[in-house]
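Visitor: Please find one structure pasted underneath; my questions will follow.
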Amino acid sequence: MMILDIILATRESAKKLFDKIILQKIFILDFKNVELISRSFANEFVKLEKENKLNIVKKNLSKENKLMFDNADKVLDSDILAKNK
């Protein structure tokens, strides 16, 4: 099991974390110290998890951080994206 940083914010940090996960064969992550997960981090992490066909156990996720992962896995509505341009 790996304990993570307080803030997980960039796509690059998701890639670096995922490299460690694969190298060290760690499939349980402890999010108890994580205060913030950005949409970018969550989106990249979920994408890498799917591409590598892994199911990583995410322990001690706060409600907010769980929601960020749940939302990262959803397809964005193209109508909403068009309206926000």
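Visitor: Using the alpha-carbon atoms, what tilt in degrees (0 to 90, nearest 10) does helix 63-72 show relative to the longest principal axis of the chain?
Guide: Around 60 degrees separate the two axes.
Visitor: Of the peptides 51-57, 6-12, 24-30, how do they stack up when ordered by the mean number of other Cβ atoms within 10 Å, highest first?
Guide: Those peptides, ordered most packed to least, come out 6-12, 24-30, 51-57.
Visitor: Stretch LEU67-SER40 to full length: gain in nm at 0.36 nm per residue minus the Cα-Cα span?
Guide: Roughly 8.4 nm would be gained on extension.
Visitor: With r as the distance between the Cβ atoms of LYS74 and MET2 and R0 = 30 Å, compute the FRET efficiency 1/(1 + (r/R0)^6) and round to 0.05.
Guide: 0.70
Visitor: Taking the chain as the reference, fit the longest principal axis to its C-alpha atoms, fit the long axis of helix 11-24 to the helix C-alpha atoms, and give the angle between the two in degrees, 0 to 90, nearest 10.
Guide: 30 degrees
Readers should treat all values here as calculations from the given coordinates under stated rules, not as data from a laboratory. Since the structure is predicted, the reported quantities are computational estimates derived from the model, not experimental observations. Note that we place each Cβ from the backbone using ideal geometry, even for glycine, and neighbour counts take in every protein chain shown.
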